[in-house]
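Report on one structure; see the data block that follows.
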Amino acid sequence: MAVHLREQEAEEPVLEVRNVSKRFGHVQALDDVSLKVYRGDIVGLLGDNGAGKSTLIKIIAGNHQCDEGQVFLEGKRVNFSSPAEARAAGIETVYQQSPVCTNATVYENFFIGREPVKSFLGVKTLDVPKMRDDTRKILDDIGVSMPSIDVEMGILSGGQRQAALLGRFLHWGGKIALLDEPFAALGVAESRNALKMVREVSKKGLPIILITHNIEYALQVINKFVILRHGNVVGSGKAQDVTMQDLVATITGAIHLND
Ligand SMILES: Nc1ncnc2c1ncn2[C@@H]1O[C@H](COP(=O)(O)OP(=O)(O)OP(=O)(O)O)[C@@H](O)[C@H]1O
Ligand SMILES: [Mg+2]
């Protein structure tokens, strides 16, 4: 998966964050943060609690506006005013507490905003059999077990819900996927599946930014890392060049790691 730096420099990043700063009252959540994500990258966005990871994801995904700096998607400056706008532009986000329609079924959640219609004698109706078939196939492909795709999302466990959301992003793709603590609610087997899904998605060329406190899991999939501490980038580089101990020491502020 590692791509040579020289090849990458000739290539345009899918996503570039340039000199982004964000303040909440007296808290400097992000201070002059820059990063580039290329096709096929899985970038681990690491850092301790309150380091600014979620804030950065939320700026990219249109939940927050930055005070300073710019975000570029495929070379074009973007400034999303809502998550829906970012999603329409190809930015798919999965949060630990992602909003789902708890009273809609699993398959309905899969197709929210993208419902397929069929036409019969000039009358358009929702293609429910297709929605159900596609949902079942996608979940089977990625090894997610659900009691049933006809149950309401609200009755699923946190892990099952998370898995369904990951499946949805895998299916719809987009230009980049932002995963904020995707393993937090998952058990051991589900986490293993989620890691497999992340790899599968990446193989299709879709770049991913992965936030996790689980460095062991991160190192199983990431090719690059960016470490934030108190809103500053204190380390970045290729995963193959560092050990878990290096990453942990940087996250806690014992050392700085820069490529
Ligand atoms: N909406 C907000 N209003 C005020 N302060 C905020 C807001 N969102 C984040 N912050 C503050 O900004 C800082 C960075 O928070 P952020 O959520 O980005 O951290 P994080 O790296 O995601 O941490 P964690 O690993 O605990 O999720 C924290 O000090 C937090 O309290
Ligand atoms: Mg967070």
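The values are calculated or read from the model by the stated rules, or taken from the named source; none is laboratory data. None of these values were measured; they are calculated from a predicted model. We place every Cβ from the backbone using ideal geometry, glycine too, and count neighbours over all the protein chains shown.
Worth pointing out:
Residue-by-condition table, conditions (1) surrounded by fewer than 18 Cβ atoms within 10 Å (Cβ to Cβ); (2) modelled with pLDDT under 95:
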| site | (1), (2) |
| --- | --- |
| Leu5 | yes, yes |
| Gln8 | yes, yes |
| Pro13 | no, no |
| Lys22 | no, no |
| Gly25 | yes, no |
| Val37 | no, no |
| Val43 | no, no |
| Gly47 | no, no |
| Leu56 | no, no |
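- Scanning region 136-145 turns up no residue that is touching an Asp or Glu at 6+ places or on another chain (Cβ under 6 Å), within 27 Å of Ser202 (Cβ to Cβ) and in a helix (DSSP H, G or I).
- Within region 213-254, the set of residues being among the β-branched types (Val, Ile, Thr) and without any contact (Cβ under 8 Å) to a residue 12 or more places away in the chain comprises just one member, Thr243.
- Test: residue in region 164-184 that is within 16 Å of ligand 2 (Cβ to nearest atom) and at pLDDT below 80: yes
- When the strands (runs of 3 or more DSSP E) confined to region 5-84 are screened for residues that are more than 18 Å from Lys238 (Cβ to Cβ), those reaching at least 3 such residues are found at 15-24, 27-37, 68-73, 76-78.
- A count restricted to region 165-211 and to residues that are surrounded by fewer than 22 Cβ atoms within 10 Å (Cβ to Cβ), under 20 Å from Lys53 (Cα atoms) and either within 16 Å of ligand 1 (Cβ to nearest atom) or of a type in the set (S, T, N, Q) (or both) stands at 3.
- When the helices (runs of 4 or more DSSP H) confined to region 154-259 are screened for residues that are over 20 Å from the mean Cα position of the chain (by Cα), those reaching at least 3 such residues are found at 244-251.
- Candidate set from region 44-99 (those that are of a type in the set (Lys, Arg) and free of Cβ contacts under 8 Å to residues at least 60 places away in the same chain); member that is farthest from ligand 2 (Cβ to nearest atom): Lys76
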